[in-house]
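Single-structure report; data block below.
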Amino acid sequence: MRQAGLIAGAAVVALIAAGGITYAVAEEGGSTTSVPAADSADAGFARDMAVHHQQAVEMSYIVRDRTKDTDVRRLAYDIAQTQANQRGMLLGWLDLWGLPKVSADAPMTWMGMGDMASGKDGSLMPGMATNTEMKKLGTLSGKQAEVFYLQLMTDHHKGGIHMAEGCVAKCSVDVEKRLAQGMVNAQQSEIQVMGDMLKERGAKARS
C-alpha cells in the first residue's frame, strides 16, 4: 500500500510548494478586487472546510495510536498533514479578508443547504463523524480500528468533495477555487485507495 503514501504525500508536497505563494496571491488579489463578503461562498467554504478538516486531522491522529499497520499509519499521517496545511490556508484567507472565522449561519448555508446536516451528536456537516463515532474509534485497536477509520474517512471525504465542488461552482476567488478542485482530485484518489485497503481487510465502505 505504498501507493497511499505516494498519493497523499504528493499532495502535501504540492501544498507546501504552493504555500509560499498562497498568501501573496490572496493579498495581491485583495488589493485589486473587492474582498469577499462575510456571507459569500468564499468565506462560507473557508469557514466550513476548516472545521471539516479539523475533524479529519483529529481522526487520523487517533488511528495512528490505535494500530501498528504501516500502510494505515502512513495514510493517516499524510491525510492529517495535508488537511492541516489546507486548513491553515483557509483560515489565513479569512484573516487577510478581515472576516470572522465563525458565523451565526448554519454550516452549508453558502451552498443553500443550511438544513442538510442536523448537527446531531457533533456531525455538523455531511460526511462528518458523530461524537459517538469518534469516541468509538478511540476504543478500538488493530484491524477493527483500521476498518472503522477507513470507513469514517471515506464518508468524510465524500462530504468534503461535495463541499469542495460547491466552492468550485460558487466561489469567486480563483486561488480558492483551485485549492477546492485540488481537494476534489486528491480525495477522490484517496477514496479509491481506502476502498482497496478495506477490501484487503475483508470490509467495505458504509455507503
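Starting from residues that are hydrophobic (A, V, I, L, M, F, W, C) and under 18 Å from E165 (Cα atoms), keep the ones in the stretch 98-123 and report whichever is least open to solvent (accessible area, probe 1.4 Å).
In this case the residue turns out to be M108.
Applying the selection to the stretch 168-195, what residues are over 22 Å from F148 (Cα atoms), within 13 Å of the chain's Cα centre (by Cα), in contact (Cβ under 8 Å) with a residue 24 or more places away in the chain and surrounded by fewer than 17 Cβ atoms within 10 Å (Cβ to Cβ)?
Within the stretch 168-195, no residue meets the criteria.
Only one of A46, A50 is surrounded by 22 or more Cβ atoms within 10 Å (Cβ to Cβ), in contact (Cβ under 8 Å) with a residue 24 or more places away in the chain and of a type outside the set (D, E, K, R). Can you tell me which?
Result of the check over A46, A50: A46.
Would you be able to say whether some residue in the stretch 140-154 is in a loop (DSSP other than H, G, I, E, B) and either touching a helix residue (DSSP H, G or I) at 6+ places or on another chain (Cβ under 9 Å) or surrounded by fewer than 18 Cβ atoms within 10 Å (Cβ to Cβ) (or both)?
So far as the stretch 140-154 goes, yes, one or more of its residues are in a loop (DSSP other than H, G, I, E, B) and either touching a helix residue (DSSP H, G or I) at 6+ places or on another chain (Cβ under 9 Å) or surrounded by fewer than 18 Cβ atoms within 10 Å (Cβ to Cβ) (or both).
The values are calculated or read from the model by the stated rules, or taken from the named source; none is laboratory data. Fair warning: this is a prediction, and the values are worked out from it, not measured in the lab. Methodologically, a virtual Cβ is constructed for each residue, glycine included, from the backbone with ideal geometry; neighbour enumeration extends over all protein chains shown. In case anyone asks, the SASA skips ligands and DNA or RNA and just uses the protein heavy atoms, side chains included. Shrake-Rupley method; radii C 1.70, N 1.55, O 1.52, S 1.80 Å.
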